[in-house]
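Contents: one structure, followed by commentary.
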Amino acid sequence: MAEVRPLQIDVSGIRKKAPAVGIDLGTTNSLVAVVKDDIPQVLPDEEGEKLVPSAVRFAEKGPVVGRAARRERVADPRHTLYSVKRFIGKGFDQVKDLRGNLPFEIEAGEPGQEMVYFRVEGRRYNPVEISALILSRIKEIGTKRLDLPVEDVVITVPAYFNDSQRQATKLAGQLAGLNVLRILNEPTAAALAYGLERKAQGNVAVYDLGGGTFDISILHLSEGVFEVRSTNGDTLLGGDDFDRVLAQKMGEEIKKQTGADPWADVSLRARLIDEAERVKIVLSSADEETFSLQDSSRNVRFTRRVQRAELEALLLPFVERTIEFCKAAIKDSGLSLGSIKDVVLVGGSTRIPLVRKKVAEYFGAKLRHEVDPDAAVALGAAIQADVLTTGREDVLLLDVIPLSLGIETMGGIVEKLIHRNTTIPASASQIFTTSVDGQANIAIHVLQGERELVKDCRSLARFDLKGIDPMPAGLPRVEVTFLVDANGILQVRAKELRTGKESSIQVKPSSGLTDEEVERMLEESYEYAEADVEERLLREVKVEAEQVIAATEKALKRTDVEIPADERKQIDAAVASLKASLSDGSDRHKIREGISALDGITHPLAERIVNVSIQQALGGKRLEDVEKKPLPGA
Amino acid sequence: MNADFCPACSALQPPPEGADLFSFLGVPFSLEVEDGKLQRLYHERSKKLHPDRFLSAGGKLLEYSQARSALLNKAYRTLRDPEERLRYLLAIELESLGLSEAKAAERNVPVELAEEYFEMQEALAEGDQSALGRVHARLAEVAAENEKKLAELRGRWEREGLGEARARGDKKDERSAFARDLEKALQLKSYLFRMEENLGRAAAVRN
């Protein structure tokens with residue numbers, strides 16, 4: 001595939017950038033947080049609001065993200081997308097049941113492509129693009145608050161996200177011009193925020209019920225080590241479902257009154273869902289609330305008292321399902337239910353009294369909601385971002401892979417190589433051979449899921465081990481190593497054991513996007529960048545050129561390194577040429593060429609300087625005194 | 001063998017080739033799981049090796065840290081579980097003693113269970129509830145006996161100092177005899193598990 005890199009040229013150590021931040025990219029709301037003076041804190045937007053609604057509206061002037069978009073969800077449902085996280089990294093077949101329950105349209109990708117699209121005004125958008133727009137807005141908020149460009153980020157995902165969903169989220173970050181340091185599991189992040197604040201020890205459960213997803217994680221905390229023992233969940237279960245069932249029930253009653261089905265009308269559906277959400281929230285603290293939907297043009301005049309008990313009856317099946325996931329997680333953790341001391345509640349939906357009651361009943365443990373359930377995940381992500389960039393060593397997260405990884409074998413059966421809830425990084429090796437004389441390729445199909453059959457698991461990657469030397473069948477021995485990295489993302493490597501040759505393998509990313517699409521998205525992401533990208537790239541290359549010239553001139557002044565006359569002449573000429581294109585100042589490609597030329601010519605000199613420096617260092621001087629080299633990230 | 005960092009230059013080293021998990025974790029070839037000690041070892045080492053610590057270094061060092069962490073995770077998970085530890089020890093003993101795994105035996109009905117096996121087949125075919133109940137009870141007896149045998153074997157490994165012998169590479173005959181006995185007991189255990197599974201499935205189908 002096309003190599004996807006952030007748009008910035010890496011000049012770390014030269015250009016100033018903001019400290020790494022943590023981003024909770026939520027189904028309903030997103031947040032950004034940073035560690036400042038050792039304390040994690042949420043960065044609010046221009047109006048002082050912490051929560052940024054994860055909604056995008058395609059207005060005439062271009063996309064609008066956040067509260068302005070969320071406000072229009074009801075007035076302009078056809079141009080407003082929300083809860084997009086429910087679709088990221090998924091195939092159409094997995095989400096088609098949601099169609100007709102949403103006030104916007106979804107459609108399938110090309111045949112065989114694991115992707116969902118949204119149609120807005122004749123244009124197709126995929127969930128990665130929409131998430132990138134939300135992340136761009138988050139980046140803008142962080143940049144404004146920190147007064148430095150936000151680049152390095154940790155983005156959280158539900159623990160139960162599979163490889164494809166993780167890849168797609170990472171890609172969205174890259175499209176937004178971010179350097180994604182880590183994809184972090186939401187409950188783990190919340191545990192970090194909770195555990196550090198309270199200096200907690202022992203076994204803890206994190207129950208995370210958000211707008212669209214549910215996660216349960218069981219952790220063991222011990223002296224700064226946060227060891228996840230097991231995780232389970234459902235990436236299609238959350239507050240959105242609660243809104244939907246209430247809205248549908250009210251819709252049926254309206255239909256009985258008027259004879260027309262409000263659910264079939266996109267605008268009324270959007271208003272029903274919106275009102276259902278409002279009523280649901282009120283009923284978390286009140287016993288009764290009025291559900292109201294008035295629309296004179298459609299002859300709808302509906303007012304109805306809703307009791308909390310009535311809502312609870314609708315929610316009960318969902319809440320009971322979450323408890324089943326909790327049971328499975330406890331079983332996999334190898335810990336006893338009684339050993340769980342605290343249950344940390346995360347996600348807006350844990351404000352619902354029925355949820356709290358059922359969770360308390362099952363665990364029989366103390367419910368913890370001291371850390372704001374909306375902010376806990378972002379705060380934890382900020383702590384991890386800090387750990388990853390500042391070298392602090394008091395904290396370590398040991399997370400797990402949520403779903404088993406395996407390969408297809410004879411008869412469409414999946415052979416599991418790495419089991420769910422294995423601590424990551426995790427690796428497994430498998431030896432493959434050929435079945436036909438002279439066979440040069442071996443096809444491998446990697447899958448993720450708990451089911452036995454290929455058709456029931458998520459296909460992650462298909463790749464060929466290529467360039468196997470012609471040998472009789474069964475003789476080649478190709479060792480394939482599957483490594484799940486700390487992001488929960490798969491990396492594959494292959495080696496022919498007889499020759500030691502690394503096989504060329506191409507693993508297609510499993511975000512569901514084709515190469516062409518990724519390229520197009522990268523190009524188009526320029527459109528959405530806040531600043532003119534050309535302008536920014538030019539500025540960056542100019543800074544780099546100035547740095548290189550300064551370093552060269554400093555080196556030329558050294559008396560302890562020999563510089564032959566003709567080498568000196570060449571260097572001077574290259575410096576002069578680079579200075580000329582700098583002062584001309586508009587062609588970044590020309591400046592880039594000048595930097596490369598100067599780099600090449602000064603290479604022998606640089607080597608001699610390093611040698612001299614080492615000699616001096618060995619001679620008792622400190623290396624730092626001899627040559628000051630900027631540290632990466634400093 | 002578990003020198004993660006170069007003693008001279010303190011740079012992270014590539015993962016060791018062919019190291020067994022006991023040696024990698026730095027614990028003796030014992031069958032006793034010292035839970036607290038193991039966890040402490042694991043946490044201390046993870047704090048140094050985890051890819052979080054090598055993210056900014058990148059390149060080869062990040063690769064090494066991923067590989068070493070993956071190995072460490074595997075070692076901890078395997079050695080903290082008494083049964084997995086036992087099975088793993090058997091695997092490395094068979095390998096280093098040059099004994100091949102008795103694969104064929106795994107598929108055949110163990111002698112101890114031949115009678116129960118045929119009774120089970122018959123009972124399943126006829127749907128004879130009380131016969132199935134008898135088989136179930138008999139299997140439980142065999143399982144209990146086998147667990148006793150396994151406990152004896154654990155004791156024998158420690159008592160005869162076979163772990164130390166393995167580290168030195170001697171007492172090959174005793175270790176071979178031990179490995180064969182252990183293999184037999186573990187295979188019987190697996191077989192019992194599968195038979196119970198079949199009985200369970202049969203019960204589920206009937207209900």
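The values are calculated or read from the model by the stated rules, or taken from the named source; none is laboratory data. No experiment lies behind these values; they were computed from the predicted model shown. Counting neighbours? That spans all protein chains shown, and the Cβs are built from the backbone with ideal geometry, glycine included.
If we keep just the residues of the stretch A:213-258 that are of a type in the set (V, I, T) and either within 14 Å of chain B (Cβ to nearest Cβ) or not in a strand (DSSP E or B) (or both), which is nearest to A:A190 (Cα to Cα)?
Of everything passing the filter in the stretch A:213-258, A:V228 is nearest to A:A190 (Cα to Cα).
When you go through B:E116, B:E145 one by one, which is the residue that is modelled with pLDDT under 95, of a type outside the set (F, W, Y) and in contact with a helix residue (DSSP H, G or I) (Cβ under 8 Å, 6 or more places away or on another chain)?
Answer to the check: B:E116.
Can you tell me how many residues in the stretch A:356-411 are of a type in the set (S, T, Y) and in a helix (DSSP H, G or I)?
Selection size over the stretch A:356-411: 3.
Helices (runs of 4 or more DSSP H) wholly in the stretch B:60-145 with at least 3 residues that are charged (D, E, K, R), more than 14 Å from every other protein chain (Cβ to nearest Cβ) and more than 19 Å from the chain's Cα centre (by Cα) - which ones?
Correct list: B:114-126.
Determine which member of the set A:V377, A:V343, A:V395 is within 14 Å of chain B (Cβ to nearest Cβ) and either surrounded by fewer than 24 Cβ atoms within 10 Å (Cβ to Cβ) or closer than 30 Å to B:R45 by Cα (or both).
Sole residue among the options that is within 14 Å of chain B (Cβ to nearest Cβ) and either surrounded by fewer than 24 Cβ atoms within 10 Å (Cβ to Cβ) or closer than 30 Å to B:R45 by Cα (or both): A:V395.
If you take the residues in the stretch B:38-96 that are hydrophobic (A, V, I, L, M, F, W, C) and in contact with a Pro (Cβ under 8 Å, 6 or more places away or on another chain), which one is nearest to B:R154 (Cα to Cα)?
B:L71
Looking only at the stretch B:43-53, filter to residues that are buried (at least 21 other Cβ atoms within 10 Å of the Cβ) and more than 7 Å from chain A (Cβ to nearest Cβ); which one of those is nearest to B:E32 (Cα to Cα)?
Looking at the filtered set, the residue picked out is B:L49.
Yes or no: the stretch A:163-170 includes at least one residue that is of a type in the set (A, V, I, L, M, F, W, C) and in contact (Cβ under 8 Å) with a residue 24 or more places away in the chain.
Looking for residues that are of a type in the set (A, V, I, L, M, F, W, C) and in contact (Cβ under 8 Å) with a residue 24 or more places away in the chain, one finds at least one in the stretch A:163-170, hence yes.
Could you go through the stretch A:553-570 and let me know if any residue there is at pLDDT below 85, in a loop (DSSP other than H, G, I, E, B) and either within 14 Å of another protein chain (Cβ to nearest Cβ) or under 24 Å from A:A168 (Cα atoms) (or both).
no
Quick one: which helices (runs of 4 or more DSSP H) sit completely within the stretch A:70-175 and have at least 3 residues that are over 27 Å from A:E46 (Cβ atoms) and at pLDDT below 85?
A:92-95
Among the residues of the stretch A:428-438, is any within 14 Å of chain B (Cβ to nearest Cβ), touching a residue at least 12 places away in the same chain (Cβ under 8 Å) and of a type outside the set (F, W, Y)?
yes
Please indicate, with yes or no, whether at least one residue in the stretch A:325-336 is part of a helix (DSSP H, G or I), in contact with a Leu (Cβ under 8 Å, 6 or more places away or on another chain) and at pLDDT below 95.
no
Given the structure, is B:P110 touching a residue at least 40 places away in the same chain (Cβ under 8 Å) and either of a type in the set (S, T, N, Q) or surrounded by fewer than 16 Cβ atoms within 10 Å (Cβ to Cβ) (or both)?
No: the conditions fail for B:P110.
Can you name the condition, by its number, that A:G210 falls short on among (1) surrounded by fewer than 24 Cβ atoms within 10 Å (Cβ to Cβ); (2) away from every other protein chain (no Cβ under 14 Å)?
Failing condition for A:G210: (1).
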